[in-house]
Amino acid sequence: MKTKDALYNFCLRLADNNLVLGQRMAEWCSRGPILEEDLALTNISLDLFGQAETLYEYAVLLKEANITADDLAFLRNERQFYNSLIVEQPNGDFAFTIVRQFLYSTFARLMCEALMNSNDESLSGYATKALKEVKYHFRHSSEWIIRFGNGTEESKNRAQFALNELWRFTDDLFVMNDIDHELISVGISFSLDDIFGQWNFAVQEVLREANLFTPERFNVIKGGSNGIHTEHLGHMLSEMQYLQRVHPGAKW
Amino acid sequence: MVINNIVSKEKVWELLSEIPDPDIPVLSIVELGLVRDVEVISESNVIVTLTPSYSGCPAMGVFKDDIITALNSSGFCEVEIKISLSPAWTTDWMSDVAKEKMRAHGIAPPEKEPESELRFARQKQVTCPHCGKQETKLVSRFGSTPCKALWYCDTCEQPFEYFKCF
Ligand SMILES: [Zn+2]
């Protein structure tokens, strides 16, 4: 695999994570449990959309073909999306959304920290910028996890339920394929094995403080970075891409 | 030619200083530190390098158009806008004058905060932009735009926005 193709694909993977999770968070708009959280969830969504846009723009540059960032977001099918499985899982209740955010943001934070050292200037620039925002998301979701776990029986149960449900998707975050191997060999990316330990440590630390249990690994599924998804992504895309599919080329 | 370009460069900065930030119209995009560089290629061709405050800042699209319009109408028919991500934008680039204008506009300017990773960290009290007292509390870390948080002043009993230290 050529480095440039690998980098293009890698940008899509990073961007798709942001876009898909951003879309999920946007689904909360006007439905937040309280006004402040409605604002928080949609602000996080906005950050994620912005990060996705930056990466899609970079991918377009690498491709040197007549495509736009919008084409990448709105005209690919689910098998051409490379996001991790956890971000496409439906929102569930507030606890479920926050647990998903927490598990993902912990990963995204480590990813950004590592990519800041990439020898690809655009990627390291992206990571430096995104890290500032991701730290906010990480902190916001961590604080909620701790409140849930030490709150009422109800909040604790819901958080634990979400954790049990989502745990099987977390291995998928660390799956590597040919793209990773190529990019690691040229110093653009790094081995995801390197951050797995740190991820585990950071997650356990918050769960301990929240008095929540680390679930058993059970029914683990993987495949996001190879374009193999759960049934939820297609449904999400059909809603998100509706306008461009029905009115191709429509602009604001 | 070289001298001309220097003159033009100053002119471009001047024009850019008149473009307001859509969210905080009392401040220009230059005062907020969003314009990183101006490169005059010829009498009619200029490259403006911007750095986004927040990745998803919707205001960016608005003032990109404003820049092109303003420069076009001053004879620069070819305007290229470049985006620079590194070094990442920080509120440290905002001048004291800009911060004072912000306060006068009713938005509390950024103050040094504890590292954003510390959970439940109490940040030092933000000064109320209305009455100048420090008996204030954080309502929400997220506000009407990505750059602002919601605060409440216990003294004048007014809500206010705070421009996050970033
Ligand atoms: Zn006051």
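The values are calculated or read from the model by the stated rules, or taken from the named source; none is laboratory data. Predicted model, so just to flag it, every value in this text is computed and none were measured. Glycine gets a Cβ as well: all are built from the backbone with ideal geometry, and neighbour counts include every protein chain shown. Each accessible area value is taken on the protein alone, full model and side chains, heavy atoms only, with ligands, DNA and RNA left out. Shrake-Rupley method; radii C 1.70, N 1.55, O 1.52, S 1.80 Å.
What percent does the relative contact order of chain A come to when contacts are Cα pairs within less than 8 Å and at least six residues apart?
26
Might you list the cysteines of chain B that have no disulfide-compatible partner by the rule of another cysteine's Cβ under 4.7 Å?
When partners are defined as cysteine Cβ atoms under 4.7 Å apart, chain B leaves B:Cys57, B:Cys77, B:Cys147, B:Cys165 without one.
If I compute solvent accessible area with a 1.4 Å probe over the protein chains, what percent of it on the protein assembly as shown is carbon and sulfur?
Its accessible area is 53 percent carbon and sulfur atoms.
From the convex hull of the Cα coordinates of chain B, what is the mean projected area in square nanometres?
Reported value for the Cα convex hull: 10.2 nm².
What's the magnitude of the charge dipole for the range B:105-163 around its Cα centre, counting Lys and Arg as +1 and Asp and Glu as -1 at the beta-carbon? Answer in Debye, nearest 20.
The calculation lands at about 80 debye.
Determine the per residue accessible area of the range B:2-89 with all protein chains present and a 1.4 angstrom probe, expressed in square angstrom.
With the other protein chains kept in place, the range B:2-89 gives 46 Å² per residue.
Of all DSSP beta bridges located in chain B, what percent are antiparallel, nearest 5?
Roughly 70 percent of the beta bridges in chain B run antiparallel, per DSSP.
Could you pull out the pairs from B:Lys64/B:Lys164; A:Lys156/B:Lys133; A:Lys156/B:Lys112; A:Lys63/B:Lys148; A:Lys132/B:Lys9; A:Lys222/B:Lys82 whose alpha carbons sit more than 30 Å apart here?
Listed pairs above 30 Å: A:Lys156/B:Lys133; A:Lys156/B:Lys112; A:Lys63/B:Lys148; A:Lys132/B:Lys9; A:Lys222/B:Lys82.
Please state the relative contact order of the range B:105-163 as a whole percent: Cα pairs under 8 Å, 6+ residues apart?
Relative CO of the range B:105-163 lands at 32 percent.
Place a +1 charge on the Cβ of each Lys and Arg in the range A:98-143 and a -1 charge on the Cβ of each Asp and Glu, then give the dipole magnitude about the Cα centre in debye, rounded to the nearest 20.
In debye, rounded to 20, the range A:98-143 gives about 200.
With a sphere of radius 14 Å drawn around the Cβ of B:Val97, what net charge do the other residues whose Cβ falls strictly inside it have (Lys, Arg +1; Asp, Glu -1)?
0
Working only with C-alpha atoms, what are the Rg and Dmax values of the range B:41-96, expressed in angstrom?
Here Rg and the maximum Cα pair distance are 12.9, 34 Å.
With all pairs of different alpha carbon atoms counted, what Kirkwood hydrodynamic radius in Å does the range B:56-125 show? Intermediate values should be presented prior to the final figure.
Values: mean 1/r = 0.0637 Å⁻¹.
Across the range B:56-125, the inverse of the average 1/r is 15.7 Å.
May I ask you to order A:138-150, B:92-104, B:147-159 by the average number of other C-beta atoms within 10 Å around their residues, highest value first? Mind dumping the intermediate values first?
On the way: A:138-150: 21.0, B:92-104: 14.8, B:147-159: 16.9.
Ranked by mean Cβ neighbours within 10 Å, highest first: A:138-150, B:147-159, B:92-104.
So what's the back-of-envelope 222 nm ellipticity for chain B, counting only DSSP H runs of four-plus at -39500 (n - 2.57) apiece and dividing by all residues, rounded to 500? Let's see the in-between values first.
Values: 3 runs with 39 residues, N = 166.
Estimated from H runs of four or more residues: -7500 deg cm²/dmol.
Taking Rh as the Kirkwood radius computed over C-alpha pairs, what is the Stokes-Einstein D of the range A:160-202 at 20 °C in a medium of viscosity 1.002 mPa s, expressed in µm² per second? Walk me through the intermediate numbers first.
Details: Rh = 11.8 Å.
For these conditions, the coefficient is 181 µm²/s.
Taking +1 at the Cβ of each Lys and Arg and -1 at the Cβ of each Asp and Glu, which of A:Gln89, A:Ser118, A:Ala59 sits farthest along the dipole of the range A:59-122 towards its positive end, judged by Cα position relative to the Cα centre?
The residue sitting most towards the positive pole is A:Gln89.
Per residue of the range B:91-97, what does 6.51 cos²θ - 1.76 cosθ + 1.60 with θ = phi - 60° give for ³J(HN,Hα)? Whole Hz please, x for Gly and Pro, Karplus curve as stated.
3J(HN,Hα) across the range B:91-97, in whole Hz: 5, 5, 7, 7, 6, 4, 4.
Find, among the trypsin sites (Lys or Arg not before Pro) in the range A:5-76, those assigned to loop by DSSP (not H, G, I, E, B) with at most 12 other beta-carbon atoms within 10 angstrom. Let's see the in-between values first.
Numbers: sites: A:Arg13, A:Arg24, A:Arg31, A:Lys63, A:Arg76; in loops: A:Arg31, A:Arg76.
Of the trypsin sites (Lys or Arg not before Pro), the ones in loops of the range A:5-76 whose Cβ has at most 12 other Cβ atoms within 10 Å are A:Arg31.
Compute the accessible area of each residue in the range B:140-166 twice, once for its chain alone and once with every protein chain present, using a 1.4 Å probe on heavy atoms, and list those whose area falls by at least 10 Å².
SASA drop of 10 Å² or more in the range B:140-166: B:Ser140, B:Arg141, B:Phe142, B:Gly143, B:Pro146, B:Leu150, B:Lys164, B:Phe166.
Pairing the Cα long axis of helix B:59-72 with the longest principal axis of chain B, what angle in degrees results, from 0 to 90 and rounded to the nearest 10?
In chain B, helix B:59-72 runs at an angle near 30 degrees to the longest axis.
Need one number: buried accessible surface between chains A and B, 1.4 Å probe, both sides summed, DNA, RNA and ligands left out, in Å² to 100.
What A and B bury together is about 2800 Å².
Taking the Cα centre of chain A as origin, work out the dipole magnitude from +1 charges on Lys and Arg Cβ and -1 charges on Asp and Glu Cβ, in debye rounded to 20.
100
Placing one identical point scatterer on every Cα of chain A and ignoring solvent, what is log10 I(q)/I(0) from the Debye formula at q = 0.09 Å⁻¹?
-0.38
First obtain the Kirkwood hydrodynamic radius of the range B:6-87 from its Cα pairs, then insert it into the Stokes-Einstein equation at 37 °C and 0.692 mPa s, and state the resulting D in µm² per second as a whole number.
The calculation lands on 259 µm²/s.
Rg over Rh of the range B:105-163, using C-alpha atoms and the Kirkwood radius, what does it come to? Walk me through the numbers on the way to the answer.
Working: Rg = 10.9 Å, Rh = 11.6 Å.
Rounded to two decimals, Rg over Rh is 0.94.
With unit charges on the beta carbon (Lys/Arg positive, Asp/Glu negative), name the residue among B:Val35, B:Cys77, B:Val62 whose Cα is farthest towards the positive pole of the charge dipole of the range B:2-89.
The residue sitting most towards the positive pole is B:Val35.
Name the long-range amide H neighbours of B:Val139: under 5 Å, sequence gap of 5 or more, or other chain; modelled H, no Pro or chain starts.
Excluding prolines and chain starts, which carry no amide H, the hits are B:Leu150, B:Trp151, B:Tyr152.
Just to check, using Stokes-Einstein with a Kirkwood Rh over alpha carbon pairs, what's the diffusion coefficient of the range A:196-252 at 4 °C and 1.567 mPa s in µm²/s?
After rounding, the answer is 84 µm²/s.
For the protein assembly as shown, what proportion of DSSP beta bridges, expressed in % and rounded to the nearest 5, is antiparallel?
Just about 70 percent of them are antiparallel.
At 18 angstrom or more along the helix axis (alpha-carbon based) and mean Kyte-Doolittle of -0.5 or higher, what helices does chain A contain? Whole DSSP H runs only. Write down the numbers at each step before the final one.
Details: long enough: A:3-26 (34 Å, -0.02); A:35-63 (42 Å, 0.35); A:94-115 (30 Å, 0.98); A:121-149 (41 Å, -0.54); A:153-166 (20 Å, -1.16); A:193-209 (25 Å, -0.36).
Helix filter hits for chain A: A:3-26, A:35-63, A:94-115, A:193-209.
In percent, how large is the relative contact order of the range B:2-89, given Cα pairs closer than 8 Å and 6 or more residues apart?
29
Leaving out ligands and nucleic acids, note down the accessible area per residue over the range A:154-252 with a 1.4 angstrom probe, in whole Å².
58
Based on DSSP H runs of at least 4 residues, each adding -39500 (n - 2.57), what is the mean residue ellipticity at 222 nm of chain A after dividing by all its residues, to the nearest 500 deg cm²/dmol?
Numbers: 11 runs with 168 residues, N = 252.
My calculation for chain A gives -22000 deg cm²/dmol from helical runs alone.
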